[in-house]
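Structure, as structure tokens:
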Amino acid sequence: MISFENLSFRYRSKPEPALKHINLEIQKGEIVLFLGKSGAGKSTLLSMVNGLIPNYLEGELSGSVLLNGEELASRSIQELSKQVGSVFQNPKSQFFYLDSSDELLFGLSNHRASKERMEQRLRATVSNLKIESLLERNIFQLSGGEKQKLACASVYMTDPDIMIFDEPSSNLDARAIEDLREIISCLKKEGKTLLISEHRIYYLMDLIDRIVYMEDGRIEAMMSARQLRALSDEERQTMGIRSPLVPTLDERLKIDVRIARERRGDLWIKDFFYAYPRGKVLWKIPELQCQKGEIIGILGENGVGKTTLAYAISGILKGRGEIKRDFSGPALRARVRRKICSMIMQDVNHQLFLETVQKELLFLSKKEESLARARKIAEQLDLSEFLEAHPLSLSGGQKQRVVIASAIMDGREIILFDEPTSGLDFESMEKVSELIKSIAKDRIIFVISHDYEFINKICTRAFFLK
């Protein structure tokens, strides 16, 4: 069905090819999982199928990609969109409407489908994907996981033969991942051809037909799920592949939020809550003491208010209640908290402003020794070769590491991370873990995450929002 024949591609902005001599055959109805470290070329390869290359992303292309024997490079994105649907790593990049229901209908409306067809597909999509709660919502009021589910549903609505998923589980909780798994299982039964680039892979192990492992723009290996499971932990981790086992939370982390018998700590949160303008309370923290050196996990399902809590602690939003440096001290106003807190957002594209990675790292730092320190942090996060690159030209995982490096350079005493391992392979996750632990000594760090593999490695304790 899809044939890659001696395919190579180099982005105009980069000196080295992103793809090198790719030869691959994908059959109709196959589910193919593409694995590899961040920047290995997985997203670039998928962009050859949905038409983003060469119609939108320009560069030097040689070789060919064929769909049912027809050269894809000669077809417009409009034509391809009837056969190929894509769910991108950042779901907001593919939204066109503010209202979620309008967004669901956009694809079929753009294809001039009849009203009856749109109504039929909407009923099927809502039922199969269990998205009743997402209808008639403002997309800016959706959580990251809810946006991802909406993006999946919007593609499913158009009923394409081929579906491309680029890190579809990156911001989803365990329940939403199970829903996604059911969606993929349903698509498999319908005979769809699915191409999936993913780092969190455990939920796909019994669904995929083949694994294509990429490294430095080349296909280095092909294997089955059984062969992947047979790899030793050392072999798998060297390849940058996450665990294929279902993750569980370490019991040592499940400590109750109320630990206030001793009136001490470097940060004290008391009767802290956030309420919507009409008065509905989203969550409430009765009492929480935090000490420097702690890395505290904030867990909970999509939409429960984890990101809102981080924004309220950091002073971006106005929570109600008290946040103090110690039990007897004065409350810290939101404007004060904004000066002592650094927030790493879920969508890191909002935090990249300058034309090179090096300038991003130096943006908030005025000390003379800053350049040497920036280069050391870049080396720790495998960013040294990208110091002169434009941040927005990097892969999703590489962008994530740039923003994390910028927060470390900033040096504030409280750092809040919102899904810091979204889009990261095992090796990058390990490096981010070690780096965060290395800076925690003189800081309080909060980590919002659905990634239990990461939470188990890094956190000293965790609490759940419900």
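The values are calculated or read from the model by the stated rules, or taken from the named source; none is laboratory data. Nothing here was measured: the structure is a model prediction, and the numbers come from that model. Note: ideal-geometry Cβ built from the backbone for every residue, glycine included; neighbour counts use all protein chains shown. Just the protein is used for accessible areas: all its heavy atoms, side chains included, with ligands, DNA and RNA removed. Shrake-Rupley method; radii C 1.70, N 1.55, O 1.52, S 1.80 Å.
Within the range 404-426, the residues that satisfy the criterion of being among the charged types (D, E, K, R) and over 16 Å from the mean Cα position of the chain (by Cα) are D410, R412, E413. Looking only at residues in the range 121-132 that are surrounded by fewer than 13 Cβ atoms within 10 Å (Cβ to Cβ) and not basic (K, R), which one is farthest from D161 (Cα to Cα)? Ranking the qualifying residues of the range 121-132, first place goes to E132. Residue count for the range 431-463, restricted to those that are more than 21 Å from Y203 (Cβ to Cβ) and either of a type in the set (K, R) or out of contact with any Ser or Thr (no Cβ under 8 Å at 6 or more places or on another chain) (or both): 21. Residues in the range 432-466 that are β-branched (V, I, T) and in contact with a Gly (Cβ under 7 Å, 6 or more places away or on another chain) were compared, and the one that is surrounded by the fewest Cβ atoms within 10 Å (Cβ to Cβ) is I455.
Note on the range 432-464: among residues that are of a type in the set (A, V, I, L, M) and at pLDDT 90 or above, the one that is nearest to the chain's Cα centre (by Cα) is I448.
Taking the range 337-358 as the search range and keeping residues that are of a type in the set (K, R) and surrounded by fewer than 16 Cβ atoms within 10 Å (Cβ to Cβ), which one is farthest from the chain's Cα centre (by Cα)? Here the residue is K339. The criterion of at least 2 residues that are polar (S, T, N, Q) and modelled with pLDDT of 90 or more is met by the following strands (runs of 3 or more DSSP E) wholly inside the range 120-224: 193-197. Conditions: (1) under 24 Å from I455 (Cβ atoms); (2) open to solvent by less than 30 Å² (accessible area, probe 1.4 Å). A334 meets all but one. Number of the miss? Of (1) under 24 Å from I455 (Cβ atoms); (2) open to solvent by less than 30 Å² (accessible area, probe 1.4 Å), only one is false for A334: (1).
The residues listed here are F95, F34, F88; of these, the one that is surrounded by fewer than 21 Cβ atoms within 10 Å (Cβ to Cβ) and within 30 Å of Y202 (Cβ to Cβ) is F95. Selection of first residues in the range 423-439 that are without any contact (Cβ under 8 Å) to a residue 40 or more places away in the chain and of second residues that are not in a helix (DSSP H, G or I), restricted to Cβ pairs under 8 Å at least 6 apart or on distinct chains, gives the following pairs, ordered by first then second residue: I439/I415; I439/I445. Residue check: E60 meets all listed conditions (1) open to solvent by 10 Å² or more (accessible area, probe 1.4 Å); (2) under 28 Å from the mean Cα position of the chain (by Cα); (3) modelled with pLDDT of 90 or more but one, namely (2).
One line per residue, one yes/no per condition, for (1) among the polar types (S, T, N, Q); (2) within 17 Å of R242 (Cα to Cα); (3) surrounded by 21 or more Cβ atoms within 10 Å (Cβ to Cβ):
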{"residue": "N171", "(1), (2), (3)": "yes, yes, yes"}
{"residue": "D179", "(1), (2), (3)": "no, no, no"}
{"residue": "K188", "(1), (2), (3)": "no, no, no"}
{"residue": "L195", "(1), (2), (3)": "no, no, yes"}
{"residue": "Y202", "(1), (2), (3)": "no, yes, no"}
{"residue": "M205", "(1), (2), (3)": "no, yes, no"}
{"residue": "D209", "(1), (2), (3)": "no, no, no"}
{"residue": "M214", "(1), (2), (3)": "no, yes, yes"}
{"residue": "G217", "(1), (2), (3)": "no, no, yes"}
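Among residues of the range 225-237 being within 25 Å of the chain's Cα centre (by Cα) and open to solvent by less than 100 Å² (accessible area, probe 1.4 Å), the one that is nearest to Y203 (Cα to Cα) is A225. Among the residues making up the range 110-119, those that are modelled with pLDDT of 90 or more and either touching a Phe, Trp or Tyr at 6+ places or on another chain (Cβ under 7 Å) or assigned to a helix (DSSP H, G or I) (or both) are K115, E116, R117, M118, E119. Could you look through the range 383-431, keep only residues that are aliphatic (A, V, I, L, M) and at pLDDT below 85, and pick out the one that is surrounded by the fewest Cβ atoms within 10 Å (Cβ to Cβ)? Step by step, filter the range 383-431, then rank; the result is A407.
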